[in-house]
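Peer 1: To start, I am sharing the structure in question, which I have written as structure tokens.
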There are 2 protein chains.
Amino acid sequence: MYDLLKGLRVVEGSAFVAGPTCGLYLAQLGAEVIRFDNIGGGPDFRRWPLTPGGDSLYWEGLNKAKKSIAIDLGRPEGRELAQRLAAAPGEQGGVFVTNFPVEGFLSYEKLSALRPDLICARVMGWADGRPAVDYTVNSAVGVPLMNGHPDDPRPVNNVLPAWDLLTGAYAAFALVAAISARQRDGQGREIRIPLSDVAASTMANLGYLAESLGGQDRPRIGNDLFGAFGRDFVLKGGRRIMLVAITARQWRTLLQVLEIEAEVGAVEAELGVDFAGHEGLRFDHRARLLPLFETAFAAKTLEDLLPSFEREGVCWGPYQHMSAAAEDPRLVKGNPMFSDILHPSGATYPAPGFAGTIPQQARGPARPAARLGQHTDEVLSEVLGLSSGEIAQLHDKGVVAGPGGR
Amino acid sequence: MYDLLKGLRVVEGSAFVAGPTCGLYLAQLGAEVIRFDNIGGGPDFRRWPLTPGGDSLYWEGLNKAKKSIAIDLGRPEGRELAQRLAAAPGEQGGVFVTNFPVEGFLSYEKLSALRPDLICARVMGWADGRPAVDYTVNSAVGVPLMNGHPDDPRPVNNVLPAWDLLTGAYAAFALVAAISARQRDGQGREIRIPLSDVAASTMANLGYLAESLGGQDRPRIGNDLFGAFGRDFVLKGGRRIMLVAITARQWRTLLQVLEIEAEVGAVEAELGVDFAGHEGLRFDHRARLLPLFETAFAAKTLEDLLPSFEREGVCWGPYQHMSAAAEDPRLVKGNPMFSDILHPSGATYPAPGFAGTIPQQARGPARPAARLGQHTDEVLSEVLGLSSGEIAQLHDKGVVAGPGGR
């Protein structure tokens, strides 16, 4: 946690991954992020994985460091409260993150009537408003037809919801940029960010679109790195590692560490090529190269290789399950990004703050998600200026609820 | 292209995906982004995919809308020029994006000596400075052991470099946040963002870490959606679609469209469960449910289903290659995010701008990447204030080069 966005007040009305990730990133840089949800929880409140007691580890992971207010969004009074929150007053307020539909009670038109300089980042599925999620967009841009091994024609979805995550970060970026523009020109803006546009633009940015227009869809190549040298290898003792050599230096170092310079040199002489100078040739001729590496790796354990890997800066990573990653000092255990904190589920486990380090500043510990409705009264009072009598009345009428669900 | 960051001047000294993506996102919101490269190109200048003429579609995709200056970074005079650019003057300058090492001639210490309020976003591999790329970090957090079909034990890497992309967007977000903080407090900051921290924090945010600490690594489940209902299905005629039903409404609509309410109701009665109210139960009992869906889908073509899919808002996506996505009006063809532009390779093809829409503002067309060194003289003159005589001397000595490589 760092305080770069200190003073900023953001209201979030969203669910699932992209919108909540946007709010999470803002909170981890010090913004006050207030998430509103339906009483009893939004559509993501019971999303798997769950604790044995049925609390969502997913929900409490994606909503860390946010405040929570619970509102009955099915009733006109509740919807009006949500609108007033989205358009919250204050020079550093009026910033709203949502995945609610373009039309409806949280439309930009309705909200900007309350606050004309409102900034709204709206995550969408398809750009035309039709529903889409990460997995349906991913299949539409061709990724599952490229994932997987060439001997198996079945498409392979990504487990990791990459488009959701990218959209969340992109929305946070666009939102902070829009705030800086508002400081300059006083203008409100709605920024609509569809998963489908994020996916289509990314495939174009990486060259996949232009490649396909040339008549060539990328074939499935298993775990090989496209256009350079990289693949998974199994070591003596059975451990599997991912190994990458893109630059000339990485390539030369790798040959030296594996002591296969002579064998590779013989292939170069035979083919009349220079692998160090042309990473693409390593890919073209991988059928000749890979067996040399497989043999070399099969003769060494990770313990044999580690000293030279570390000394020479070989680019590699282990294949390991998340439970092993949790013990890896470079990832979780001992990583100052993580703090052991008590979560609303009642479990204590490591939680990350901002995904990086600012050496010039002190890092604050990660903060847990709120219990649903934990800040209902505080938000109504501090953000909307309601009196304790007005707040009590909203509770009595069931328009809002506190952490006990009432 | 939108102008939210108009006036901001960013210098980029980076290569591959994460750093260049950060610069690209800033440029697409109107910042002036100046990328410096070695004369002849950096380590990513020939990265695949290539045009038939050998130009990199990848490079020209990731460096759109940036200016280019070519400098001999192997010589002290060249390194000094790069340092002065990174620490460029001006109230909206002094913003640097890089993946150069923490130590070395582009260290924050060296650059902040030239400009104490410098903001630097530095993308790293491992947090300790050791080399890592997307694929080696991905294997280390367990994703390839979860990707793929349960009947095949081989790990499956993601083709999509999700960690690179997320890191790029996250760096752009953090950088804009640091600029807003500098406006407030005048302080410079280095923001170090390792791929490894982005990956580890994300796995924690999504609940994978907490789940594994409970003793359970996520098993491989093929193309099933974890914890709810979703999978790929083959339709009559052979087309494959991804289908997702998470909310109760999505679930009920889907049963209705497929006319399998009675069959599913019979399973519910037999098991004593309510699938609409508990998305997790749809996952638990998918072995019972999936055959009903497979049969229903095998009896209908996409043409049969489309009218009701569209009318009822079913959440689905086709499996299609990138070449088909290029023709899909919701993705590329006709999408106003794309403009047909001439690229430095000499090819004309659609290029995306900002991945979203701001209805209150006019959208500018996408802009192509520069030719390497295209803006060398302009940048030396406008940013560093060098005279034409000084610039000519740098060319003569081979310290800088223009678009012809000299």
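The values are calculated or read from the model by the stated rules, or taken from the named source; none is laboratory data. On a predicted model such as this, the values are computed, not experimentally measured, just so you know. Reconstructed Cβ throughout: ideal geometry from the backbone, glycine too, with neighbour counts over all protein chains shown.
Peer 1: Check segment A:230-237 and report whether any residue there is facing another protein chain (nearest Cβ under 8 Å) and touching a residue at least 60 places away in the same chain (Cβ under 8 Å).
Peer 2: yes
Peer 1: Then there is this: How many residues does segment A:190-217 hold that are part of a loop (DSSP other than H, G, I, E, B) and either among the hydroxyl-bearing types (S, T, Y) or within 7 Å of chain B (Cβ to nearest Cβ) (or both)?
Peer 2: Total meeting the criteria: 3.
Peer 1: Would you please name the residue that is nearest to B:G237 (Cα to Cα), looking only at residues in segment B:250-307 that are of a type in the set (V, I, T) and touching a residue at least 40 places away in the same chain (Cβ under 8 Å)?
Peer 2: Once the filter is applied, the top-ranked residue is B:T301.
Peer 1: Among the listed residues B:G238, B:G230, B:G334, which satisfies the condition of being more than 30 Å from B:G364 (Cα to Cα) and in a loop (DSSP other than H, G, I, E, B)?
Peer 2: B:G238
Peer 1: What are the residues in segment B:312-330 that are assigned to a helix (DSSP H, G or I), among the small types (G, A, S) and crowded, with 22+ Cβ neighbours inside 10 Å, if any?
Peer 2: Correct list: B:A325 only.
Peer 1: Every residue in segment A:213-229 that is in contact (Cβ under 8 Å) with a residue 12 or more places away in the chain, of a type in the set (G, A, S) and in contact with a helix residue (DSSP H, G or I) (Cβ under 9 Å, 6 or more places away or on another chain), please.
Peer 2: Those that are in contact (Cβ under 8 Å) with a residue 12 or more places away in the chain, of a type in the set (G, A, S) and in contact with a helix residue (DSSP H, G or I) (Cβ under 9 Å, 6 or more places away or on another chain): A:G227, A:A228.
Peer 1: Looking for whichever is within 8 Å of chain B (Cβ to nearest Cβ) and charged (D, E, K, R) here; the options are A:R35, A:R46. Which one fits?
Peer 2: A:R46
Peer 1: Still on this structure, please answer the following. Which residues, counting only those in segment A:170-189, are touching a Leu at 6+ places or on another chain (Cβ under 6 Å) and not in a helix (DSSP H, G or I)?
Peer 2: Listed by number, the list holds a single entry, A:G188.
Peer 1: Scan segment B:366-393 for residues that are part of a loop (DSSP other than H, G, I, E, B), more than 14 Å from chain A (Cβ to nearest Cβ) and in contact (Cβ under 8 Å) with a residue 24 or more places away in the chain and jot them down.
Peer 2: B:A370, B:R371, B:L372, B:G373, B:Q374, B:H375, B:V383, B:L384
Peer 1: Is it true that A:G129 is assigned to a loop (DSSP other than H, G, I, E, B), free of Cβ contacts under 8 Å to residues at least 40 places away in the same chain and more than 7 Å from chain B (Cβ to nearest Cβ)?
Peer 2: Yes.
Peer 1: Looking at A:S388, A:S345, which one is under 28 Å from A:G42 (Cβ atoms), of a type in the set (S, T, Y) and within 27 Å of the chain's Cα centre (by Cα)?
Peer 2: Among A:S388, A:S345, only A:S345 is under 28 Å from A:G42 (Cβ atoms), of a type in the set (S, T, Y) and within 27 Å of the chain's Cα centre (by Cα).
Peer 1: Let me ask you something else. Looking only at segment A:1-11, decide whether some residue is at pLDDT below 95 and surrounded by fewer than 24 Cβ atoms within 10 Å (Cβ to Cβ).
Peer 2: yes
Peer 1: Do we have B:G186 as touching a residue at least 24 places away in the same chain (Cβ under 8 Å) and at positive phi here?
Peer 2: Answer is yes for this residue.
Peer 1: Is there a residue in segment A:322-332 that is in contact with a helix residue (DSSP H, G or I) (Cβ under 6 Å, 6 or more places away or on another chain) and more than 10 Å from chain B (Cβ to nearest Cβ)?
Peer 2: No - not one qualifying residue is present in segment A:322-332.
Peer 1: Report yes if A:F96 is in a loop (DSSP other than H, G, I, E, B), crowded, with 16+ Cβ neighbours inside 10 Å and touching a residue at least 24 places away in the same chain (Cβ under 8 Å), otherwise no.
Peer 2: No; evaluated as a whole, the condition is false for this residue.
Peer 1: Picking from A:S107, A:S56, A:S68, A:S112, which residue would you name as being touching a His at 6+ places or on another chain (Cβ under 8 Å) and either surrounded by 20 or more Cβ atoms within 10 Å (Cβ to Cβ) or within 14 Å of another protein chain (Cβ to nearest Cβ) (or both)?
Peer 2: A:S68
Table: residues versus (1) surrounded by 15 or more Cβ atoms within 10 Å (Cβ to Cβ); (2) on the phi < 0 side of the Ramachandran plot.
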{"residue": "A:G215", "(1), (2)": "no, no"}
{"residue": "A:A228", "(1), (2)": "yes, yes"}
{"residue": "A:V234", "(1), (2)": "no, yes"}
{"residue": "A:V257", "(1), (2)": "yes, yes"}
{"residue": "A:L271", "(1), (2)": "no, yes"}
{"residue": "A:H285", "(1), (2)": "yes, yes"}
{"residue": "A:K300", "(1), (2)": "yes, yes"}
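Peer 1: Moving on. Criterion first (outside any loop (DSSP other than H, G, I, E, B), over 16 Å from B:A132 (Cβ atoms) and charged (D, E, K, R)) does A:D304 satisfy it?
Peer 2: Yes: the conditions hold for A:D304.
Peer 1: So, one more: Output the residues belonging to segment B:133-154 that are more than 7 Å from chain A (Cβ to nearest Cβ) and under 19 Å from the mean Cα position of the chain (by Cα).
Peer 2: B:D134, B:N138
Peer 1: Checking A:N158 against (1) surrounded by fewer than 24 Cβ atoms within 10 Å (Cβ to Cβ); (2) closer than 28 Å to B:A369 by Cα; (3) at the interface with another protein chain (Cβ under 7 Å from one of its Cβ atoms), only one condition comes out false. Which one?
Peer 2: Only one criterion in (1) surrounded by fewer than 24 Cβ atoms within 10 Å (Cβ to Cβ); (2) closer than 28 Å to B:A369 by Cα; (3) at the interface with another protein chain (Cβ under 7 Å from one of its Cβ atoms) is unmet by A:N158, namely (2).
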